[in-house]
Amino acid sequence: MSGGRAGSDTGPMKLSRGASVFLLAFGVWSWFIWITFAKNLFADVSGLAFDGSGDPTGYFWVHLALAAASFVLGTAVGAIGLRGFLASRRAGRGDS
C-alpha cells in the first residue's frame, strides 16, 4: 500500500452553507467578544490585573494569553467559514 490507510478518504472536504455561515459568525463573534475583554483587561482598576504599583499580575498575563489564543482560533475558524461560504456560492453559480 502506498500512503494512507486502506479505505481512507483523502479528498477535499465540503462544508454546507449553513455550517460555513456558523463558522464565519463564530469567528466574528469571537473577535468582538475578546477585543472587548482585552480592552476591559487593560482598563482594569479593581486590582486584579495590576498590582498597587501598576505592574501586571498573573491574572493579567493568563487572561491576556487566553485572549490572544482566542484571537488566533477565532481567526482560523472564521477563515474556514469564509472559504466554505465562498466555495458554496461558487458551486451555486456553477463556477467550479
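Where a number appears in this text, it was derived from the coordinates with a stated rule and is not lab data. Predicted model only: the values in this text are computed from it and were never measured. FYI the Cβ positions are ideal-geometry reconstructions off the backbone, even for glycines, and counts take in every protein chain you see.
Numbers below:
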| quantity | calculated |
| --- | --- |
| Condition check for L82: touching a residue at least 60 places away in the same chain (Cβ under 8 Å) and assigned to a helix (DSSP H, G or I) | yes |
| Selection within region 30-66 - in a helix (DSSP H, G or I), among the hydrophobic types (A, V, I, L, M, F, W, C) and either in contact (Cβ under 8 Å) with a residue 40 or more places away in the chain or surrounded by fewer than 17 Cβ atoms within 10 Å (Cβ to Cβ) (or both) | W31, F32, I33, W34, I35, F37, F42, W61, V62, L64, A65, L66 |
